[in-house]
Amino acid sequence: MATMDFLSMNTLGFPILSLLIFLPLAGAAVVPLLRGDNLVRIWTLAVTLVNAGLSLPLYTHFDPTSSLFQFGEHRPWIETFNVNYTLGVDGISLLLVLLTTLIMPICVLGSWRYIQSRVKEFMVCLLVMETSMLGVFMALDLVLFYVLWEAMLIPMYLLIAVWGGPRKAYASVKFFLYTLAGSVFLLVAIVALYINQGTFSIPALMGQQYAANFQLLVFLAFFIAFAIKVPMFPFHTWLPAAHVEAPTAGSVLLASVLLKMGTYGFLRFCLPITPTAAIDLLPALQWLSVAGILYGGLTALAQQDMKKLIAYSSVGHMGFVTLGIFSLNQRGLEGAMLQMINHGVTTGALFLCVGMVYERSHSRELNDAAGLGKFMPIYVTYLTFFSLSSLAFPGTNSFVGEFLILAGAFFNNKIVAVCAVPGAILAAAYMLRMLQRVIWGGTHNPDQSHMRDLGWRETVTLAPLLAFVFWIGLAPEPFLRVMRPSLDHLLAQTGYQAHNALALAELFAR
């Protein structure tokens with residue numbers, strides 16, 4: 001497949017994708033030259049804000065009627081092995097790129113007072129993380145994708161290991177080993193595809209005819225790598241420890257962006273490259289998703305630590321995302337994509353809310369936060385709206401995503417969908433339980449009179465996320481319109497609709 005068959009012309013006239021990738025890296029190179037922690041914070045915030053502003057033309061100039069990769073860049077890299085520096089975004093990756101650039105300045109603001117030691121090193125890690133995360137969503141060459149996928153591992157490990165909580169050594173090593181194990185399987189799949197097709201081009205590998213056994217093996221290798229990253233049940237055990245021990249910015253990045261790399265991998269690799277294997281394994285994948293939904297909800301309901309509660313809720317929410325993906329129909333895929341963005345907004349905000357209380361009380365226990373509503377009205381207002389979003393209350397962003405996912409699941413497999421519904425009830429139970437305790441508490445609340453309400457910096461930090469909660473919840477069409485052509489093309493590549501039509505015809509013939 002020729003490059004221009006899948007890569008449209010860059011309508012902006014300059015390499016916007018490369019600029020977005022390398023600007024944070026250039027900003028990180030300047031940080032060691034700066035004097036004073038406040039100057040370092042201001043510089044990092046400026047770099048991330050500029051990058052967020054530069055990413056906006058991707059949305060305004062994006063053609064929502066095309067399924068091609070847009071704003072494309074293509075240059076030879078390692079010509080001996082046909083490795084190229086190829087970048088592009090479609091409707092699947094565009095929203096994830098915009099989510100990443102939105103979250104980064106929020107992470108800097110959220111760490112303004114929380115991080116007091118080794119500030120330079122912390123900000124360098126954040127900026128290097130932004131480069132690698134953006135590159136993962138833009139890369140259209142498997143080697144380039146793998147390099148950026150691995151580059152993300154080191155700064156995230158350092159964020160947990162250096163600035164984490166009391167069990168940071170355990171959490172960081174567990175995160176590193178799990179992710180590294182997944183990367184080994186990812187590398188095996190990449191090498192196998194190169195040997196089979198002689199190219200590392202991701203679009204060129206899509207829609208090709210592969211032997212059934214080859215597809216199964218490649219799919220399983222991809223699946224293990226991405227299931228660990230999501231994480232799907234039962235590959236989830238690294239996540240709670242990493243979330244709880246990570247600093248606030250680390251938890252936000254994990255929830256908002258890093259987990260989405262796994263579901264992005266399912267959409268970008270597993271479905272279009274190995275569709276036959278995906279269809280054959282669809283029932284098992286759906287039941288694993290339901291297991292994650294129920295396990296995450298039940299475990300979150302038992303937590304007294306607010307950060308653990310939100311961490312386990314992520315397992316349940318990401319179970320809904322994978323259920324939508326493996327429903328393999330338009331409604332399910334649209335819901336999954338929208339819920340990836342919703343989870344990034346809502347769960348990232350909830351981790352910020354927990355971090356703000358921890359900065360004041362140095363405790364994350366629900367009992368220690370009981371009765372804050374009387375003394376922190378602005379804080380509990382934010383917490384209420386984000387909690388309602390997390391339980392998918394109508395009018396909020398998560399309601400639209402979960403509704404589409406369940407609609408797609410019911411269309412595909414009614415039994416699976418019915419078993420997933422209690423997950424939504426569990427979300428209401430654990431989020432309302434947390435809200436009741438934090439806002440009102442009981443008859444013997446601890447003295448909270450010393451707890452000051454949110455300042456202007458914290459209010460500004462949370463405000464953009466709250467805006468997206470209602471924007472997506474009340475007017476989701478601008479987001480759905482962008483992703484729809486790419487998802488339709490993905491469904492056509494899997495051939496699942498044709499597969500269903502053939503099965504139905506055989507049933508009637510009998």
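Brief remarks follow.
- Comparison of LEU217, LEU193, LEU186 shows that the only residue that is in a helix (DSSP H, G or I), open to solvent by 20 Å² or more (accessible area, probe 1.4 Å) and touching a residue at least 24 places away in the same chain (Cβ under 8 Å) is LEU217.
Residue-wise test of (1) surrounded by 11 or more Cβ atoms within 10 Å (Cβ to Cβ); (2) modelled with pLDDT of 90 or more; (3) under 24 Å from the mean Cα position of the chain (by Cα).
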site: HIS444; (1), (2), (3): no, no, no
site: SER449; (1), (2), (3): no, no, no
site: ASP453; (1), (2), (3): yes, no, no
site: ARG457; (1), (2), (3): yes, yes, no
site: THR461; (1), (2), (3): yes, yes, yes
site: PHE470; (1), (2), (3): yes, yes, yes
site: PRO476; (1), (2), (3): yes, yes, yes
site: LEU480; (1), (2), (3): yes, yes, yes
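- When the test is whether a residue is closer than 30 Å to VAL119 by Cα and among the hydroxyl-bearing types (Ser, Thr, Tyr), SER256 passes it.
- Residue within region 140-148 that is of a type outside the set (S, T, N, Q), touching a strand residue (DSSP E or B) at 6+ places or on another chain (Cβ under 7 Å) and either in a loop (DSSP other than H, G, I, E, B) or under 30 Å from ASN38 (Cβ atoms) (or both) present: yes
- Residues located in region 152-170, provided they are open to solvent by 40 Å² or more (accessible area, probe 1.4 Å), assigned to a helix (DSSP H, G or I) and either under 22 Å from MET337 (Cα atoms) or touching a helix residue (DSSP H, G or I) at 6+ places or on another chain (Cβ under 6 Å) (or both): TYR157, LEU158, LYS168
- Of all residue pairs spaced 6 or more apart or on separate chains, those with beta-carbon atoms under 6 Å, a first member in region 81-107 that is in a strand (DSSP E or B) and a second member that is among the charged types (D, E, K, R) are ASN84/ASP141; TYR85/ARG75; THR86/ASP141; LEU87/GLU73.
Conditions (1) closer than 29 Å to GLY207 by Cα; (2) out of contact with any Ser or Thr (no Cβ under 6 Å at 6 or more places or on another chain); (3) among the basic types (Lys, Arg); (4) open to solvent by less than 30 Å² (accessible area, probe 1.4 Å), marked per residue:
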| residue | (1), (2), (3), (4) |
| --- | --- |
| ASP280 | yes, yes, no, no |
| PRO283 | yes, yes, no, no |
| TYR295 | no, yes, no, no |
| ALA302 | no, yes, no, no |
| ASP305 | no, yes, no, yes |
| LEU309 | no, yes, no, yes |
| TYR312 | no, no, no, no |
| LEU328 | yes, yes, no, yes |
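- Which listed residue is open to solvent by 40 Å² or more (accessible area, probe 1.4 Å) and touching a helix residue (DSSP H, G or I) at 6+ places or on another chain (Cβ under 8 Å), from LEU39, LEU54: LEU54
- Set side by side, the residues VAL83, VAL40 differ, and just one is at pLDDT below 95, closer than 22 Å to LEU102 by Cβ and among the β-branched types (Val, Ile, Thr), which is VAL40.
- ALA225 vs. criteria in contact (Cβ under 8 Å) with a residue 60 or more places away in the chain and not β-branched (Val, Ile, Thr): no
- One residue alone among VAL40, VAL50 is under 30 Å from LYS120 (Cα atoms), touching a residue at least 12 places away in the same chain (Cβ under 8 Å), in a helix (DSSP H, G or I) and touching a Lys or Arg at 6+ places or on another chain (Cβ under 7 Å), and that residue is VAL40.
- Condition met for SER201 (among the polar types (S, T, N, Q), in contact with a His (Cβ under 8 Å, 6 or more places away or on another chain) and either open to solvent by 10 Å² or more (accessible area, probe 1.4 Å) or in contact (Cβ under 8 Å) with a residue 40 or more places away in the chain (or both)): no
- One residue from SER363, SER398, SER387 being without any contact (Cβ under 8 Å) to a residue 40 or more places away in the chain and on the phi < 0 side of the Ramachandran plot: SER363
- Apart from one condition, GLU121 fits all of (1) over 17 Å from the mean Cα position of the chain (by Cα); (2) in contact (Cβ under 8 Å) with a residue 60 or more places away in the chain; (3) part of a helix (DSSP H, G or I); the exception is (2).
- Of all residues making up region 357-395, the number that are open to solvent by 10 Å² or more (accessible area, probe 1.4 Å) and part of a helix (DSSP H, G or I): 16
- Test: residue in region 336-357 that is over 25 Å from LEU462 (Cβ atoms), out of contact with any Lys or Arg (no Cβ under 8 Å at 6 or more places or on another chain) and touching a residue at least 12 places away in the same chain (Cβ under 8 Å): yes
- Enumeration of residues in region 482-494 that are touching a residue at least 12 places away in the same chain (Cβ under 8 Å) and open to solvent by 40 Å² or more (accessible area, probe 1.4 Å): ARG484, ASP488, HIS489, GLN493
- The listed residue being open to solvent by less than 40 Å² (accessible area, probe 1.4 Å) and over 30 Å from GLU477 (Cα atoms), out of VAL83, VAL89: VAL83
The values are calculated or read from the model by the stated rules, or taken from the named source; none is laboratory data. Please read all numbers here as calculations on a predicted model, not as lab measurements. Using ideal geometry, Cβ is built from the backbone for each residue, glycine included, and neighbour counts are taken over all protein chains shown. Ligands, DNA and RNA are excluded from the accessible area calculation, which covers all protein heavy atoms including side chains. Shrake-Rupley method; radii C 1.70, N 1.55, O 1.52, S 1.80 Å.
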